[in-house]
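Following: one structure in structure tokens, then a few remarks.
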């Protein structure tokens with residue numbers, strides 16, 4: 001049984017993904033990158049590339065920008081707890097980043113909320129759980145149900161109303 005043979009497999013194993021991390025998430029990012037490349041995902045790695053301390057908002061911006069600019073379909077963003085990276089990524093108009101430490105949230109966030117960035121806390125979860133979360137995230141598809149579309153429209157309205165403040 002292959003790595004992505006769970007309840008649902010991603011639609012395209014050639015999906016282009018962006019992956020970014022701060023220094024605290026570097027080891028997990030490198031591990032996930034190799035895992036994803038083994039499964040034929042195209043990876044856009046926006047950094048960081050060393051253990052020299054960097055600021056997670058910079059990596060959140062690079063990760064979110066790659067999605068907004070259609071350089072990648074979805075993203076994985078990693079920092080120590082995942083909290084700071086999640087907060088920063090969600091400041092980018094059109095980004096719906098979710099911090100997930102369980103597989104239900106990782107797929108439900110896509111199915112109901114069209115989550116486009118999975119945020120992970122490298123100091124909170126291990127490598128095997130991280131792989132399971134990424135698999136759940138990538139296997140999920142937005143349902144497109146009316147109630148979910150209506151809620152996304154309200155989120156977009158919030159971005160419009162408060163984006164200039």
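Numerical summary
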read-out	value
Residue with peak Gaussian network fluctuation, the chain [Cα springs, cutoff 10 Å], from 61, 153, 40	153
Mean projected area (nm²) of the alpha-carbon convex hull when the range 74-124 is viewed from all directions	3.1
Highest-MSF residue in the chain out of 50, 65, 21 [GNM, Cα springs under 10 Å]	50
Potential extension, residue 162-residue 150 segment - 0.36 nm per residue separation minus Cα distance	2.5 nm
DSSP beta bridge pairing in the chain, given as percent antiparallel to the nearest 5	0
Mean Cα-pair separation over length for the range 16-162, i.e. relative contact order, pairs under 8 Å, 6 or more apart, %	23
Whole-Å semi-axes of the ellipsoid equivalent to the range 11-165 (Cα gyration tensor, √5λ, descending)	23, 18, 14
Expected 222 nm ellipticity per residue - DSSP helices of 4 or more, -39500 (n - 2.57), all of the chain, to 500	-14000 deg cm²/dmol
Residue 113-residue 69 pseudo-label distance in nm [points 7 Å out on the Cα-to-Cβ vector]	2.6
Using a Förster distance of 30 Å, the FRET efficiency for residue 52-residue 87 (Cβ separation, nearest 0.05)	0.85
Exposure proxy ranking, count of Cβ atoms within 10 Å, fewest first, for 48, 103, 63, 143	143, 103, 48, 63
Pairwise centroid distance, computed over Cα atoms, of the range 22-65 with the range 100-121, Å	18
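Values in this text are rule-based calculations from the coordinates and carry no lab data. Bear in mind that the values here come from a model prediction, so they are computed numbers and not experimental data. Quick reminder, even Gly has a Cβ in these numbers, built from the backbone with ideal geometry, and neighbours come from all protein chains shown.
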